[in-house]
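**Student:** Here it is, the structure, as structure tokens.
Every number in this text was worked out from the coordinates using simple rules, so none of it is lab data. Treat the numbers as computed from the prediction; the structure is a model and nothing was measured. Because the Cβ atoms are built from the backbone with ideal geometry, glycine has one as well, and the counts that use them run over all protein chains shown.
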Amino acid sequence: MDVLAAMDLETVFTHYADVSHSGFLVYDVGGEDTRLDKIVSMESYTHQRIEKRLQREEAEPVLGSS
């Protein structure tokens, strides 16, 4: 997808990989530095799937601008 406008942090973590390399991710920067494990609304299966994907990408499970 070319644009992902996320209304919550769960959406960012769940769908960030769906955004194309030239696409845009729009989210509230007030949520930066939030760790994946702090998102309590996320189902356990989804959390585990995202955590494994981030490990494969050697990425920290933290929302940030870098």
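**Student:** Can you tell me the convex hull volume per residue for the chain, based on C-alpha atoms, in Å³ to the nearest whole number? Before the final figure, lay out the partial values.
**Tutor:** Details: hull volume 5.7 nm³, N = 66.
About 87 Å³ per residue, rounded to a whole number.
**Student:** At 0.36 nm per residue, and after removing the present C-alpha to C-alpha distance, how many nm does the segment from Ser44 to Met1 gain when stretched out fully?
**Tutor:** 13.0 nm
**Student:** Also, I was wondering about something else. Helix-derived [θ] at 222 nm for the chain: sum -39500 (n - 2.57) over DSSP H runs of at least 4, divide by residue count, nearest 500?
**Tutor:** -9000 deg cm²/dmol
**Student:** Let me ask something else. If packing is taken as the average number of other Cβ atoms within 10 Å across a peptide's residues, how do 48-57, 21-30, 8-17 rank, most packed first?
**Tutor:** 8-17, 48-57, 21-30
**Student:** Sticking with this one: Could you list which residues have their amide H under 5 Å from that of Leu4, counting only those 5 or more apart in sequence or on another chain, with H placed in the peptide plane?
**Tutor:** Under 5 Å from the amide H of Leu4 lie the amide H atoms of Phe24, Leu25, Val26, each far enough along the sequence or on another chain.
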